[in-house]
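Step one of this worksheet: look at the structure below.
The values are calculated or read from the model by the stated rules, or taken from the named source; none is laboratory data. What you see is a predicted model; the values in this text were computed from it and never measured. In this analysis, Cβ positions are derived from the backbone assuming ideal geometry, glycine residues included, and neighbour counts consider all displayed protein chains.
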């Protein structure tokens, strides 16, 4: 988020707060709804900036850091479109891609209707264009509020919003943070009816009694950001948009029957209340929408998503996992599953333990969009790749052999390498053994460790951390497998992926991993239940023995690597680690990295990045930042 810049632009008689990131030639204008701010688009802004776009998201008139004129009549769509056109002019932007949500979607439709010359294409979410620019139910003969009142009654939220001061007084009785939480997390498909005797403040109190935890996509920091801004500005600005519904209808008379004539993609969640307004589904899927928006190219209904899709499903809105192709390649005597996407120079991603190709999904899609061919296999023993039974079949020489055979089968001569955890170990050895096949390396989490010719690695680890250190616990065949089998695999994956304890992972036998996993329930915002389910299904099917065998082959790798004792890694390298990563907090590692030890063994090390507040699985916890770090390095070559 620190890369997002903030400025104030004078436009259409008001001062408008604008957030922006990226320097690409094409601008994407994000327009928020109610009760929201520019902040709703934070994920998409950073992602699209990483893909080479200039992302711009203002606080609309009446919201956040933008001025809030006192009169409700100053909030027509014509005022707001005027603000946006003036903002684009002030920023020197002729035409933009436009993305809208909720009221921002309504404003985006108006922008396309009134000034199609300023719009390259539109991705709109949640609210479809209603013929004549009215509100569902679309009746050009009736004012919108009258139609809404006839359909839903006086207690419908839009009707309740009409009387100046009434809702403001109601909202003032509620805890603003809880009110925001109620609004953002609601999954009620019915019309939002708010009886006067209960009010939003009463609903918020009921909500407090039952709601305990935030969903994984919404953090306390997120809620606090919204609550702080709305506590400062109040809600009148946002409510005034609803109070201008009828005035918009009057002013739109010259465009009665006009079509929206820009290329459009429309996205809505199947649990969005806007999708369940009577007649909306039929209008969208029955041809009415296409008639009003003739250049409508695609309608996406996102399963399991509610109203605030840009926050709830922020990794899925604009980049689809369905683009990733899957194949099986015969290499080095095994069948290897490989995921790939894009065309261009190859980037080979290597996962660790307990992980899969899936850990790189965000980076793969981003780099494919930037002109690279992203390749991520399930390593030997994982996922849909074969798992030889013997631990002796999991030395780094076996794995590097698998990868070279994979590249040969794919017709890729030299690649950019990106590794994490055990994948980082494999990447170091790949560069050591076959530097001729590597253009450059971005490695994460695990540094290159010099081979100690006098002591096997397990002896060193046991002496440093004791028998309960996780690597030592992994050595006895079947023991860790039996422990894992006692655990709920989904909870076990949550334990592994979300741990933020930088101390050495020691697991007493009497507790075991199964005991530690039992307490893991809440997910961080960057990890969804869908993600956990993918991992759980694959490890339930495959088991953990393949991954554990990498640890069991450590001493054998040490023996076989004797000819390379003291040899340097001689490819260009960038190294990234989180400051909360257990690997970074192993005694002596920080000094080794920052005092010249790593540079001595990796003489072409060009950059070391320590990401603040980030633990082990940095590529998932901070996908946009890690993608930026990778791209900024490999684009040099």
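Being farther than 28 Å from residue 588 by Cα and assigned to a loop (DSSP other than H, G, I, E, B) is the filter here; which residues of region 480-510 pass it? Listed by number, the residues that qualify are 486, 487, 488, 510. Please go through region 267-288 and give me each residue that is farther than 15 Å from residue 158 by Cβ, in contact with a strand residue (DSSP E or B) (Cβ under 8 Å, 6 or more places away or on another chain) and assigned to a helix (DSSP H, G or I), ordered by number. Correct list: 275, 284, 285. When residue 577 is tested against (1) touching a strand residue (DSSP E or B) at 6+ places or on another chain (Cβ under 9 Å); (2) in a helix (DSSP H, G or I), exactly one condition is not met: (2).
Whether any residue in region 108-119 is in contact (Cβ under 8 Å) with a residue 24 or more places away in the chain, assigned by TED's automatic domain parsing to the domain that holds residue 40, in a loop (DSSP other than H, G, I, E, B) and farther than 16 Å from residue 277 by Cα is what I want to check. Walk me through how you get there before you give the answer.
The first filter runs over region 108-119 and keeps only residues in contact (Cβ under 8 Å) with a residue 24 or more places away in the chain, leaving 108-116, 118-119.
Restricting the remaining residues to those that are assigned by TED's automatic domain parsing to the domain that holds residue 40 gives 108-116, 118-119.
Narrowing the set further to residues that are in a loop (DSSP other than H, G, I, E, B) leaves 115.
Of the ones still in play, those that are also farther than 16 Å from residue 277 by Cα are 115.
The answer is yes, given that some residue of region 108-119 is in contact (Cβ under 8 Å) with a residue 24 or more places away in the chain, assigned by TED's automatic domain parsing to the domain that holds residue 40, in a loop (DSSP other than H, G, I, E, B) and farther than 16 Å from residue 277 by Cα.
Restricting the search to region 451-479, which residues are touching a residue at least 60 places away in the same chain (Cβ under 8 Å) and either in contact with a strand residue (DSSP E or B) (Cβ under 7 Å, 6 or more places away or on another chain) or part of a loop (DSSP other than H, G, I, E, B) (or both)? Listed by number, the residues that qualify are 451, 453, 456, 474, 475, 477. I'd like to know if region 375-382 contains one or more residues that are in contact (Cβ under 8 Å) with a residue 40 or more places away in the chain, surrounded by fewer than 23 Cβ atoms within 10 Å (Cβ to Cβ) and outside the structural domain of residue 36 (by TED's automatic domain parsing). No, region 375-382 contains no residue that is in contact (Cβ under 8 Å) with a residue 40 or more places away in the chain, surrounded by fewer than 23 Cβ atoms within 10 Å (Cβ to Cβ) and outside the structural domain of residue 36 (by TED's automatic domain parsing).
Could you check, for region 160-179, whether at least one of its residues is assigned to a loop (DSSP other than H, G, I, E, B), closer than 17 Å to residue 275 by Cα, at pLDDT 80 or above and in contact with a helix residue (DSSP H, G or I) (Cβ under 6 Å, 6 or more places away or on another chain)?
So in region 160-179, the residues assigned to a loop (DSSP other than H, G, I, E, B) come out as 161-165, 173-175.
The next check asks that each one be closer than 17 Å to residue 275 by Cα; those that pass are none.
No, region 160-179 contains no residue that is assigned to a loop (DSSP other than H, G, I, E, B), closer than 17 Å to residue 275 by Cα, at pLDDT 80 or above and in contact with a helix residue (DSSP H, G or I) (Cβ under 6 Å, 6 or more places away or on another chain).
When 457, 477, 508 are checked against the criterion of being exposed (fewer than 15 other Cβ atoms within 10 Å of the Cβ), modelled with pLDDT of 90 or more and over 27 Å from the mean Cα position of the chain (by Cα), a single residue qualifies: 477. Among the criteria (1) closer than 16 Å to residue 233 by Cα; (2) touching a strand residue (DSSP E or B) at 6+ places or on another chain (Cβ under 6 Å); (3) part of a helix (DSSP H, G or I), the one residue 86 does not fulfil is (1).
Among the criteria (1) farther than 23 Å from residue 40 by Cβ; (2) assigned to a helix (DSSP H, G or I); (3) touching a strand residue (DSSP E or B) at 6+ places or on another chain (Cβ under 8 Å), the one residue 291 does not fulfil is (3).
When residues in region 600-617 are screened for being within 24 Å of the chain's Cα centre (by Cα), closer than 30 Å to residue 566 by Cβ and in a loop (DSSP other than H, G, I, E, B), 1 of them pass.
Residues of region 256-266 that are farther than 25 Å from residue 156 by Cβ and within 27 Å of the chain's Cα centre (by Cα): 263, 264, 265.
The single condition among (1) touching a helix residue (DSSP H, G or I) at 6+ places or on another chain (Cβ under 9 Å); (2) in contact (Cβ under 8 Å) with a residue 60 or more places away in the chain; (3) not assigned by TED's automatic domain parsing to the domain that holds residue 580 that residue 415 does not meet is (3). There is at least one residue in region 409-431 that is more than 15 Å from residue 571 (Cβ to Cβ), surrounded by fewer than 24 Cβ atoms within 10 Å (Cβ to Cβ) and over 31 Å from the mean Cα position of the chain (by Cα).
Any residue at all in region 56-77 that is within 24 Å of the chain's Cα centre (by Cα), part of a helix (DSSP H, G or I), under 30 Å from residue 249 (Cβ atoms) and at pLDDT 95 or above? Checking region 56-77: not a single residue is within 24 Å of the chain's Cα centre (by Cα), part of a helix (DSSP H, G or I), under 30 Å from residue 249 (Cβ atoms) and at pLDDT 95 or above.
Would you call residue 446 closer than 25 Å to residue 591 by Cβ, touching a residue at least 60 places away in the same chain (Cβ under 8 Å) and in contact with a helix residue (DSSP H, G or I) (Cβ under 9 Å, 6 or more places away or on another chain)?
Numbers: closer than 25 Å to residue 591 by Cβ: yes; touching a residue at least 60 places away in the same chain (Cβ under 8 Å): yes; in contact with a helix residue (DSSP H, G or I) (Cβ under 9 Å, 6 or more places away or on another chain): yes.
Answer is yes for this residue.
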